[in-house]
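Coordinate-derived values only; no laboratory data. Just so it is clear, the model here is predicted, and its values are computed rather than measured. Positions of Cβ are generated from backbone atoms using ideal geometry, with glycine treated the same way; all protein chains shown enter the neighbour counts.
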Amino acid sequence: MSESSKPSAFETVNRLFNQAADLLGLSETKRIELTTPYRELMVRLPLLTEQGEVRVFRGYRVQHDNSRGPMKGGIRFHPDADLDEVRALASLMTWKTAVVNLPYGGAKGGIQCNPRELSELDLERLTRRFAQRMEGFIGPREDIPGPDMGTNARVMAWMMDEYSKFHGYSPGVVTGKPLELGGSEGRVSATGRGLFFAVERIAPDIGMELNGARVAVQGFGNVGYWAARFLSDAGCKVVAVSDVEGTLRCADGLDIEALREVAEQKGSVIHYDGADCERLHRDELIASDCDILVPAALGGTIHAGNAGSIRARLIAEGANHPTTPEADGILIERGITVLPDIYANAGGVTVSYFEWVQNLQQQRWDAERVDRELREVMHEAFDALNTAAEEFDVDLRTAAFVVAIRRVAEAARLRGLH
Ligand code: GLU
């Protein structure tokens, strides 16, 4: 445990790892081997801002495991992106890529900053500085960064351009690029679409009719918006959406496109003008009267203090580690089904993989192919989770870790300890 009594994010992930490792009877040596990160980089990034100020930021890249292939994972620009958080997210990427059976290991990076406070030019300089520090450690066959919170196709373009200055034109070094620079169709919406495929797959198993099902979405960033959009397109009624400024609840259902316009123009969903809508504190989203809850914001938003108030029957985790282990116990006890993050939000990295494959083969897939293959990956992974859940009589999160650990442990064994 860390100094404070609250476990660190990395300890929390390892707690989940150990629960599944117990079921698999994994030896202590194997556990150490599989949880110890391969490499951790911390760099200082001096930036001469447009205002003429010098500010020094911290940047991280934690490369967790490469037993199953090059390491893969996003880069986050966020004030909370410290070493512990990035380390936890890097290990989650190892388990995530294994759950959906992509030939990758896991990594994660971040710059501890608030991108909203930086100008476009400052962000570009900071990104390029980060790429300069990282260029010796990343690469199409080594470690392939992608987008995450606070980063987007623009940032990925700068990363690719900077890396290419050192190594020659290398579109396969990052994913989530703009289409014009070797990005893939469907990458922007991929996490939301993958989450939808997961929900679509489990719905009949839990006797849920998607048409008319009521949905609450926490967070209206890229993941939250697209998840809401696809669920709504399938006939669900999105009855509540929140962002940092508050919760907007509307029992009659929200028009997602109109909501997006308002959020873009006015800065928050709470400015939406619906006749029967009410505005509440952002934390109240969790307790919304709904059938499906989609946490798509930061980690730790479902905790012991609010898990008891959840009214949804199904939780589909769009965010990474939104549920604390204590909350998990409460949800299991209350019979609420959880589609865990390392499965439910794996659509993003899956389409990143498709992008990388297209880059390496110098090919282009159309949107229809991307969607078809993503659906197949998400449905196949669900079957693997379901089988493990039945085999060990456990919840889907534990089952996901069982599936992932088996795959990574076997690859590590076959490669040998080196
Ligand atoms: N940031 C995404 C995740 O947490 C995907 C990263 C990537 O595409 O490499 O899964």
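With q set to 0.08, 0.11, 0.14 Å⁻¹, the log10 of I(q)/I(0) for the chain, from the Debye formula over equal scatterers at the Cα positions, is -0.41, -0.80, -1.33.
The length gained by stretching the chain between Lys266 and Ser27 to full extension, at 0.36 nm per residue less their Cα-Cα distance, is 80.6 nm. The simple Förster model, with R0 at 30 Å and r as the Cβ-Cβ distance, assigns Leu360 and Asp289 a FRET efficiency of 0.05. When the Cα gyration tensor is reduced to axis lengths a ≥ b ≥ c, the ratio a/c is 1.5 or higher for segment 89-139, and with a/b above b/c it is classed as prolate. Roughly how many Å is it from the Cα centre of segment 209-258 to that of segment 156-188, as a whole number? Using only Cα atoms to place each centre, the spacing works out to 31 Å. Taking amide H positions as modeled 1.01 Å from N, with prolines and chain starts lacking one, the residues under 5 Å from Leu41 and 5 or more places away or on another chain are Arg61, Val62, Gln63.
Taking 0.36 nm per residue of separation and subtracting the Cα-Cα distance, full extension of the segment from Leu280 to Met208 would add 23.1 nm. Cut-off 11 Å, label point 7 angstrom out along Cα-to-Cβ of Asp393: give me the residues of segment 308-344 whose amide nitrogen falls inside. Counting only backbone N, you get no residues.
Across all directions, the average projected area of the convex hull around the alpha carbons of segment 250-313 is 4.9 nm². According to a simple spin-label model (label point 7 Å from Cα along Cα-to-Cβ), what is the distance in nm between Ser309 and Arg369? In this crude label model, Arg369 to Ser309 measures out at 4.9 nm. Measuring between alpha carbons in the structure, the pairs from Lys96/Lys177; Lys6/Lys108; Lys96/Lys165; Lys108/Lys177 lying more than 25 angstrom apart are Lys96/Lys165.
Given R₀ = 30 Å, FRET efficiency for His379-Leu179 by Cβ-Cβ distance, to 0.05? For R0 = 30 Å, the calculated efficiency reads 0.70. By the Cβ distance rule of under 4.7 Å, the chain has these cysteines without a partner: Cys113, Cys236, Cys290. Each residue, Arg44 and Glu117, gets one label point 7 Å from its Cα in the Cβ direction; the gap between the two is 1.9 nm. Put a dot 7 Å past the Cα of Arg415, heading toward its Cβ, do the same for Glu257, and the two dots end up 4.7 nm apart.
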